1. Heavy-atom accessible area of Leu111 with all protein chains present, probe 1.4 Å, nearest 10 Å²?
2. Between Met1 and Cys149, what FRET efficiency follows from the Cβ-Cβ distance if R0 is 41 Å, with the result rounded to 0.05?
3. Points 7 angstrom from Cα along the Cβ direction at Thr137 and Thr64: gap in nanometres?
4. Can you pull the accessible area of Trp112 for me, 1.4 Å probe, Å² to the nearest 10?
5. Quick one: accessible surface of Arg180, probe radius 1.4 Å, all protein chains present, in square angstrom to the nearest 10.
6. Using a basic spin-label model with each label point 7 Å from the Cα along Cα→Cβ, how many nm lie between Ala90 and Asp55?
7. Work out, step by step, the length gained on full extension between Glu117 and Glu176: first 0.36 nm times the residue separation, then minus their alpha carbon distance; give nm to one decimal.
Amino acid sequence: MRFVMTDNYAALVMSVDAGLLVVGAVQSHGTVNTVRERIRAVNQRHAAAMRVIADRLRAGEEPTNAELHRAHDLSRKATGDLRRRFERPATVGLMWAIMSVWLVVSVVATLWWSALEGHGRAPWLAEGTLAATALATLILLAETILRFCWAGEAATDDLEQEQLQRQVAAVHMDAELDHRVRQRLDEFARGDRR
């Protein structure tokens, strides 16, 4: 079987690729928003980890080892979750970036071919545009399935964020209190306090 470019095929590919590029742009925008939200969530975890210690120090008391342990764990979990929180959106964003470039090249090549007088059969262009369109469609389908699977985990994260927002309420520390909190956590992490 041999592929050839025709005017009808070029028109069809252009419309499908344009639609896929719009979906890619919307998905990329959603990915940026997801990353923003996840950065905010990590910052809230850090704030929650420090609040317990700050409250103790404000009251003129030393934090207990259990409080330091809990704050240390929350802080460690916040930084440890960075990979899990950013790996998926980064992967999806990278997939769409690569596919968008390939689709743009496909659209430009098809436009170039259409503009040529007596443009001919161009089997290489027909094969390339078919591959770009098919792969972008498969990636869209795969992303839809993956996002559906990840939705359950996101619901768990949302519940956790709601609980953290209640804990954090408002962590307002002056520079000196912030320094004391970090110092206590550093001492605990080094094992100076047990």
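1. Accessible area, nearest 10 Å²: 100 Å².
2. Result of the calculation: an efficiency of 0.70.
3. A separation of 6.3 nm, rounded to one decimal place.
4. 130 Å²
5. Result for Arg180: roughly 60 Å² accessible.
6. It works out to 3.4 nm between the two label points.
7. 13.8 nm
The values are calculated or read from the model by the stated rules, or taken from the named source; none is laboratory data. It should be emphasised that the depicted structure is a prediction, and the values quoted were computed from it without experimental measurement. Quick reminder, even Gly has a Cβ in these numbers, built from the backbone with ideal geometry, and neighbours come from all protein chains shown. The protein model used for the area step is the full one, side chains on, heavy atoms only, and it has no ligands, DNA or RNA in it. Shrake-Rupley method; radii C 1.70, N 1.55, O 1.52, S 1.80 Å.
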